[in-house]
Each structure stands twice: as C-alpha cells, then as structure tokens.
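Since every read-out is calculated from the coordinates, none of them should be taken as a lab result. This one's a predicted model, so the numbers in the text were calculated from it and none came from an experiment. Cβ: placed from backbone, ideal geometry, glycine included. Neighbour counts: every protein chain shown.
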Ligand code: FAD
C-alpha cells in the first residue's frame with residue numbers, strides 16, 4: 001500500500017511555491033532529457049523566477065547544469081548511440097544558452113559502488129555541486145522537468161528531501177503532451193487499453209485548447225539575455241574517463257545532427273514530403289519514410305507538444321476529423337505520438353513495469369527456452385532469416401530501426417526463438433539511439449503478448465509474409481546483407497537458404513517457422 005512515487009512527486013509539486021523565495025541568488029536549471037531551450041517548461045519557469053529574484057537581488061544568476069552517471073553506461077543500461085547523440089546535443093545546447101548568457105556546466109557522478117542515481121548518496125553529491133555553483137551567500141533554487149522512470153522519480157524525491165532554507169528544488173511536468181494521471185477511466189483509474197485512452201487524450205486536448213494551437217507551448221525570447229554576462233565555470237567541458245569514451249560508437253552511418261534546429265527541420269521536412277503518405281509508406285522497409293523524430297523526442301531536442309501541434313494544423317486544425325473517418329495519415333501519425341504518452345502514463349501507474357517485470361503477471365510463468373547461442377545469432381543478425389538479420393544488422397550499424405522492424409524482430413525473438421522478451425528489451429536499450437524505457441518495454445510487452453494492451457499470444461508474425469508485404473523485392477534485405485546482394489530468387493530473399501539451397505557465407509534458418517510457432521503457442525498456453 002505504499003504510495004506510488006508519482007503520487008509522492010505530485011504532492012511535492014503541488015506544494016512548491018513559484019516566486020516564493022525572495023532571497024534567491026542562483027537559479028539552476030538541471031537539464032536531463034529536455035536538451036532544448038524552446039518549449040521547455042522547467043527552463044522557462046527558471047527564467048521567470050530569476051526575474052522575480054532579481055527584484056530583490058540584482059546580481060541573481062541563472063546557471064544550467066547537466067549531470068552524467070557513468071554507471072548507467074558501464075552497466076550497459078544505456079546505448080552508446082544515445083550517449084553520442086546526447087553529447088552532441090549538449091554542445092549545441094551550450095551554444096544556444098550562451099546566446100542568452102547562460103553557462104551550461106557539466107558534472108560527472110562517479111559512484112564508488114553500483115548505486116544508481118536514486119541513492120541518497122547522489123542527492124548529497126548533487127546538492128554539493130549546486131552549492132558550488134553559487135557565487136554568493138544567497139539561496140539556491142533548482143528547477144527540472146520530471147522523468148517518469150521509477151529510479152528517476154525516487155531520485156527526485158531524494159533531492160526534494162535535501163531541501164532546506166538555502167536549497168530549494170522544483171519539478172515540472174514537461175515530457176508528455178498530456179501529463180500522467182490526468183486521463184482516467186470513469187472509476188478514476190489509469191486505462192489499460194489504448195483506444196479509449198486515446199479518445200480521451202484527443203477530447204482532453206480539444207477541450208483545453210487555449211489559442212490557435214491544440215496544446216500550449218512556451219517561448220523563450222532569444223534576443224533578451226537572461227544574465228548580464230556569460231559566467232565562466234570550472235569543469236566547463238566534458239571530463240569523461242577514457243574507458244567511458246570508448247563506449248561511444250566509433251563509426252557511424254550518419255548520426256543525425258543533434259541540434260534543435262535539425263529537429264525542427266526534420267519535422268518540417270516530414271510534413272512537407274511524407275506525412276500525407278504515412279499510412280501507405282510507413283511499413284515499407286526500404287523506404288524508411290517515417291519521421292525519424294524519435295531521437296530528438298527522446299533526448300528532448302523537440303517537445304511532443306510541438307509535434308502534435310504540427311499534426312493538428314496539417315489535419316485542418318483537428319486531431320480527429322469526422323469527414324475523413326478512415327486512413328487519415330495525419331491522424332495516424334499523431335496517434336503514434338500519443339502511444340508514447342500512453343506508455344509513460346502506464347509506467348507511472350504501474351512502476352514495476354520499469355523494473356523488468358511484465359505488465360501481465362500471469363506471463364511470468366512462461367517457460368522460455370532462452371538458448372544463448374540462438375539469442376547471440378539474433379543479436380548480430382545471423383539467424384538465417386533474411387528479414388530478421390537485415391533489421392538486426394541495421395540496428396547495430398545505425399542505432400535506428402522503424403516500428404515495423406522492431407515489431408518483426410521482437411516477435412521473432414519472443415515467439416519463434418522463445419527467448420525471454422527482457423533479453424531483447426535490454427539489447428534494444430543498449431543499441432537504440434532513441435532508447436526510452438517506457439516505449440521500449442511497452443513495445444516489447446506488446447509484441448511478446450506480456451505487456452499492457454498487447455497482441456493476443458497467438459498472433460505470431462510469419463517472417464515469410466512480413467517480407468512479402470513489406471519488402472516484396474528484397475531491396476531492404478539486400479542492402480543490409482551483403483551475402484545476399486547477388487541473389488535474385490525472391491523465395492530465398494523471403495525464406496532464407498531453405499531446402500538445401502546453399503549460399504556462401506549465409507547460414508540456413510536456425511529455426512523452422514512452422515514448428516517454432518507451434519512450440520510458442522504451447523509454451524504461452526501452458527504458462528498463462
Ligand atoms: P514515427 O512513426 O514517425 O512516429 C513519430 C513519433 O511517435 C516517434 O518518434 C515516437 O516518439 C512516437 N511513436 C511512434 N510509434 C510509437 C510506439 N509504438 N510507441 C511509442 N511511441 C511511438 N520508441 C522509442 O522512442 N524508444 C524506444 O526505445 C522504443 N522501443 C521500441 C521497441 C519495440 C519492440 C517496439 C515495437 C517499438 C518501440 N518504440 C520505441 C516505438 C517506435 O518503434 C519508435 O518510436 C519509432 O519507430 C521511431 O521512429 P520514428 O520517429 O520515425 O517514428
């Protein structure tokens with residue numbers, strides 16, 4: 001019966017007083033997964049409160065802070081692609097902030113033991129770092145935007161516990177389009193089914209509209225310096241250890257440019273060129289025509305409020321048009337963005353879903369086969385199933401694969417290979433540039449039939465049919481599997497080297513699709 005961490009955080013948020021501290025000399029905005037200046041609620045609250053503080057103390061300053069915990073990466077909890085992207089985003093953020101005379105300071109947390117950021121040790125360290133950023137005797141006010149993973153929620157609660165007459169802490173809801181806890185069923189609980197939840201999401205946004213956009217955003221005046229001058233702080237640059245830097249991917253096939261400007265350009269370009277064909281093209285693997293906004297959204301270079309407003313206007317100022325009932329690409333695109341909110345709301349309401357536990361408890365008894373060698377082959381793209389291997393190789397080389405790709409390989413791992421979905425979820429988290437705990441475990445739960453509003457367990461993708469539908473000529477497969485580059489036989493491109501066909505350097509499928517399907521059905525029937 002312990003209260004949920006989100007409930008505890010919301011109580012703290014409710015009690016925090018804006019402009020309540022009159023003796024503040026330093027306001028610090030703690031950047032986490034909100035690496036942008038535009039439409040950043042916590043940052044704009046920091047600026048607002050700095051203005052109020054300046055009325056009492058004309059030397060009051062705003063400083064931006066970013067903390068990094070090596071353990072998260074060393075323990076392979078986070079992806080090197082994502083880290084590389086975030087480091088580039090930070091250097092661009094630093095430039096943007098310097099235009100308004102705000103310094104971005106970087107601090108590196110090196111825990112002696114394996115404690116994560118939620119520890120009290122971190123909160124003590126964090127407070128000391130903040131104190132060291134204050135140049136004079138006044139009080140310190142730290143602002144941040146909420147993160148909804150359980151460890152992060154507890155971390156913020158620990159920081160709240162450190163508040164005293166000199167150190168104030170505030171958290172704001174910013175990550176979702178509609179904040180968690182707002183949309184409830186008639187009985188006041190969190191929805192477990194997406195469709196009615198989504199209807200509510202749309203209704204809520206339409207009915208709370210205030211202005212021409214469907215969801216309000218906040219603006220920062222980049223022509224108005226926040227501080228009189230740009231302060232210099234020690235440890236101004238990233239001081240990461242050599243071993244840590246080795247964790248970054250060395251080669252990359254075009255890491256997206258990690259700037260806010262590029263995030264907005266990507267959004268604009270998607271709406272100009274491809275959004276109207278989203279329904280028809282999103283699953284065609286060789287086209288790769290979805291928005292590619294996920295890395296920007298996950299690291300916070302663009303808010304989903306901005307993305308949803310774009311979709312709303314492109315759809316004739318509506319999120320749900322009555323005159324186009326079916327197949328409306330704009331609406332379906334916004335609906336996908338809403339899935340992200342849905343999974344975050346679910347994670348807040350059932351915190352165990354961020355701790356490697358299946359939403360559906362009853363699936364915890366499934367007897368997974370967990371063949372380590374088959375799992376390894378899946379990871380590196382050597383299963384002999386061309387579509388699976390092409391996708392997994394693309395993931396390793398670029399850190400990005402589309403939703404259809406994710407569904408195909410997740411279904412194959414959890415059903416055909418009968419490997420525990422959590423192994424796959426970890427592998428994705430370690431390699432995706434857009435790795436996000438809620439969407440990732442939500443997506444894995446969906447495909448493996450263990451999660452919230454998931455596919456029925458008997459829905460097992462047929463790899464042959466998936467290739468037929470989404471890569472009919474094998475273009476995608478050929479582009480990622482050099483061994484198949486010269487193969488023209490569509491049957492081989494769809495099913496692999498079956499019936500004794502020999503392809504140099506490319507193995508025959510490690511499982512028979514029909515047999516493995518039957519085995520999965522039996523294991524799920526027995527386990528649930
Ligand atoms: P678009 O199709 O252009 O969609 C626009 C945006 O909507 C995305 O950027 C994303 O923010 C959101 N979105 C789209 N589909 C979903 C979805 N199914 N669930 C939640 N949000 C969605 N998404 C992540 O951001 N991080 C993850 O770690 C992640 N892991 C996944 C794992 C599995 C097994 C599955 C099936 C899906 C996962 N997704 C994840 C969701 C989705 O696949 C990606 O968001 C999407 O492929 C990103 O490409 P895009 O930006 O071009 O998407």
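Run through the DSSP bridge list for the chain and note the antiparallel percent, rounded to the nearest 5. In the chain, approximately 5 percent of DSSP beta bridges are antiparallel ones. In plain terms, the C-alpha convex hull of the stretch 149-234 casts an average shadow of 10.5 nm² when viewed from every direction. Taken along its three principal axes, the alpha carbon spread of the chain comes to 81, 57, 48 Å, from the longest extent down to the shortest. Taking square-rooted eigenvalues a ≥ b ≥ c of the alpha carbon gyration tensor, is the stretch 1-130 rounded, prolate or oblate, where a/c under 1.5 means rounded and, failing that, a/b exceeding b/c means prolate? Oblate is the answer for the stretch 1-130, as a/c is 1.5 or above yet b/c matches or exceeds a/b. Normalised by residue count, the stretch 248-380 yields a Cα convex hull volume of 195 Å³ per residue.
Computed packing ranks the peptides 101-108, 333-340, 157-164 as 333-340, 101-108, 157-164, most packed first, by mean other Cβ atoms within 10 Å. Counted over all Cα-Cα pairs of the stretch 369-506, pairs farther apart than 23 Å make up 30 percent.
On a per residue basis, the convex hull of the C-alpha atoms belonging to the stretch 95-210 measures out at 194 Å³.
Reducing the stretch 171-206 and the stretch 58-73 to their Cα centroids gives an inter-centroid distance of 31 Å. Each of residue 276 and residue 203 was given a label point 7 Å from its Cα along the Cα-to-Cβ line. The distance between the two points is 3.3 nm. Scaled against 2.2 N^0.38 Å for its residue count N, the alpha carbon radius of gyration of the stretch 332-447 is 1.05. Normalised by 2.2 N^0.38 Å, where N is the number of residues, the C-alpha radius of gyration of the stretch 435-507 stands at 1.42.
Let me know the shape class of the stretch 263-329, please: from the alpha-carbon gyration tensor, a ≥ b ≥ c as square roots of the eigenvalues, rounded when a/c is under 1.5, otherwise prolate if a/b is greater than b/c, or oblate. The shape class here is oblate. Per-residue ellipticity at 222 nm, computed for the chain from helices alone with -39500 (n - 2.57) per DSSP H run of at least four residues, works out to -13500 deg cm²/dmol.
Modelled label positions at residue 217 and residue 525, each set 7 Å beyond Cα in the direction of Cβ, lie 5.2 nm from each other. Highest-first packing order for the peptide set 81-90, 411-420 is 411-420, 81-90, based on the mean count of other beta carbon atoms within 10 Å. Packing, as the average of other Cβ atoms within 10 Å across residues, places the peptides 260-270, 365-375 in the order 260-270, 365-375, highest first.
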